[in-house]
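What follows is a short report on a single structure.
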Amino acid sequence: MDTEKRICQNCKQEFVIEPDDFSFYEKIRVPPPTWCPECRMKRRMVFRNERKLFHTKDGITGNSILALYPPESGYIIYDDTYWWDTSKWDPISYGVDFDENRPFLLQLFELNKRVPKYRRAAINMVNSEYSANAADLKNCYLLFNSNYSEDCAYGNGIDYSRNCYDNSHIQKSEKCYGSFWLTACYESHFSSQCENCISVWFSKNCRGCNNCFGCVNLRNKNYCFFNEQLHKEEYERRFAELHLDTWSGLAVAQKKADAFWLQFPIKYLQGIQNANVSGDFISHSKNVYRGYLIRECEDVRYIQYSQVPSSRDCMDGTLIGNHSELLYETSVCGWGGSNLKFCWECWDDVRDLEYCIFCGHGASNLFGCAGVLKHQYCILNKQYSKNDYEFLKKRIIEHMDKLPYVDRKGRVYKYGEFFPPEFSAFAYNQTIASEHFPPTQEEAEKLGIRLQEPNPTEYETTIHASDLPDSIKDAADSILKEVVRCETCKRAYRIIPVELHFLRQMNLPLPRHCIDCRHLARVSKRNKAVFYERQCSCDYKVYKNTGGHMHHPTGRCLNRFITSYAPDRPEIVYCEQCYQTEVV
């Protein structure tokens, strides 16, 4: 089919449906969307609380527990081990008949409120009680959206890593601190978008580098200081003068590094070893269109957060991964999933699900179910024969078009739409949507979801962060008994024993900010999942190129691209050809 322009049902702006989009819709037999790609992404994101835990009650014991779902959600919460054990409770016992006189999505929403939920979305965890949205962690603390890691704390998107603290979106790394988007790095701190590096500090977009400080765009270099090649002795002398064991020394170093990075061109897309991709933070992938935080995927469009490889042939998904395919309009689905449409929190070898919530453990052929495990041919948690299932499913799809759900904003949900934002268990600022779009009352109201005012601290602080010792060398064990007041938000946080041991080992000072403020500081280094069309900045004026470019001396490069760098950003953004001429 040809390209079509339509008006978004949500933001009322014009958007384009590409021929490749139509081909995918035809393959999985769904109608084209009525929301634009950005609004579809927002809608899915408000169903994802990545890293906030709430005090609530266990639905079986009544004991106080920590869960991903706030008490105001009204959810019944079970411990994860209990929830996954189908010998202890039966999701099918909650089954109801389909009522032709009411919108189907409303019936599903009511069912979902009654069926219990797991508390942490955590499996195969060892000594990692305070981590969530995770799998196969050992000795980890407050680690979220992470998998196959050990001895790590305070991070999100930490996969296949060991002994790492305060990082976001790193993989196959060890002993790293305060960094973002690292791959196969060791003892690399306060760095971004680096791969196969050892002992790099405050560096950006470096590969195969060892013992470098404040560097950018370097390849296979050793002992470089702000991109200047030094002898080992001179590098070590300058490095020692920075006093990075002190908080004041780190602050000065960060400021200098940020200013230095801006002097050099960056590629319009951050990622390596890709073929035919657009978006940002994409690595080792092929045929990715407007993707974001993608590793080892193929033939995916409008996908965000697919960092546990690998998935293929998916469209419009937020948080998918681990060998999944044919996913469409899903949030937090995958782990061997196949042919899922309009689903939330469905994973672990599931297939052929539509409009399902919290279904897993090999479930298949479900329509409009909540919390169903292992079963097949169920609708609204009620068991049917295969023939009856297929007949009723067809009837319900037709009914959804005749009697659609209409939300509080007047938006119409026929078959083919993801869940209304008002179905989310979370407030807007409790979800990852707030990390990409302003967490304001106005933004929340646009989607039709509430905004939660921050709760006051639950703990009395005993020391202000500003009163902590400047150097880690002066930090006594007694700090472990203190409750520290964050310099930014004034909330309480603590230093834990393994963290203190790590900081001493790495010769790093005590943090002055709580874990939430540290998280926001890290993710501020990544661009938002919003894309713009821009022209290459290469014109031999803003930056003095070191190599000859094809467009020189005729003037500015004419190449255009899709990028997450907004036109008013200060960075010098180059196309692939101009960037490779300068860096590789």
Segments 567-575, 131-139 sorted - mean Cβ within 10 Å per residue, highest first: 131-139, 567-575
Rg [Å, one decimal], Dmax [Å, integer] - the chain, C-alpha atoms: 24.9, 80
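So what's the convex hull volume per residue for the Cα atoms of the stretch 174-268, in Å³? Walk me through the numbers before you get to the answer.
Details: hull volume 8.3 nm³, N = 95.
Taking the convex hull of the Cα positions in the stretch 174-268, it is 87 Å³ per residue.
Which whole number of Å³ per residue matches the convex hull of the alpha-carbon atoms in the stretch 532-583?
Values: hull volume 4.0 nm³, N = 52.
It is 76 Å³ per residue.
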Part-to-part distance (alpha-carbon centres) for the stretch 263-320 and the stretch 522-553, which is given in Å: 19 Å
For I266, residues with placed amide H under 5 Å, excluding near neighbours: I572, V573, Y574
Whole-Hz couplings from phi, Karplus 6.51/-1.76/1.60, listed for the stretch 224-234; x for Gly and Pro: 10, 10, 6, 6, 8, 6, 10, 6, 3, 5, 5
Residues A275 and D20, FRET efficiency given R0 of 22 Å [Cβ-Cβ distance, rounded to 0.05]: 0.90
Directionally averaged projected area (convex hull, Cα atoms, the stretch 238-342), nm²: 8.7 nm²
Spin-label pair I92/S466, simplified geometry with 7 Å Cα→Cβ offset, distance in nm: 6.4 nm
Listed peptides 377-383, 96-102 by packing density, highest first (mean Cβ within 10 Å): 377-383, 96-102
J(HN,Hα) series, the stretch 377-383, from Karplus relation 6.51 cos²θ - 1.76 cosθ + 1.60, nearest Hz, glycine and proline x: 6, 10, 9, 6, 6, 9, 6
Cα→Cβ-extended label distance, 7 Å offset, between R29 and M550, nm: 4.5 nm
Expected-Rg normalisation [2.2 N^0.38 Å, Cα atoms] applied to the stretch 404-493: 1.71
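Calculated FRET efficiency, K138 and K528, Cβ-Cβ r, R0 22 Å, to nearest 0.05? Write out the running numbers ahead of the final one.
Details: r = 33 Å, r/R0 = 1.49.
Efficiency, rounded to the nearest 0.05: 0.10.
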Separation of the Q383 and H361 label points, Cα + 7 Å toward Cβ, nm: 1.4 nm
Pairs of Cα atoms farther than 17 Å apart, the stretch 463-521, %: 32 percent
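Taking every DSSP beta bridge that has both residues in the chain, what percent is antiparallel when rounded to the nearest 5? Please list the in-between numbers first.
Details: 21 of 109 bridges.
Among the beta bridges of the chain, antiparallel pairing accounts for roughly 20 percent.
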5 angstrom amide H check on W35, placed H, neighbours 5+ away: Q9
The stretch 360-408 and the stretch 464-507: distance between their alpha carbon centers, rounded to Å: 52 Å
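Would you work out the charge dipole size for the chain about its Cα centre, treating the Cβ of every Lys and Arg as +1 and the Cβ of every Asp and Glu as -1, and quote it to the nearest 20 debye? Show your work: numbers first, answer last.
Details: 73 positive and 76 negative charges, 145 e Å.
For this selection, approximately 700 debye.
Here, each number is a calculation from the coordinates, and none is a lab measurement. Just so it is clear, the structure is predicted and the values come from calculations on it, not from any experiment. Glycine also receives a Cβ, built like all others from the backbone with ideal geometry; neighbour counts cover every protein chain displayed.
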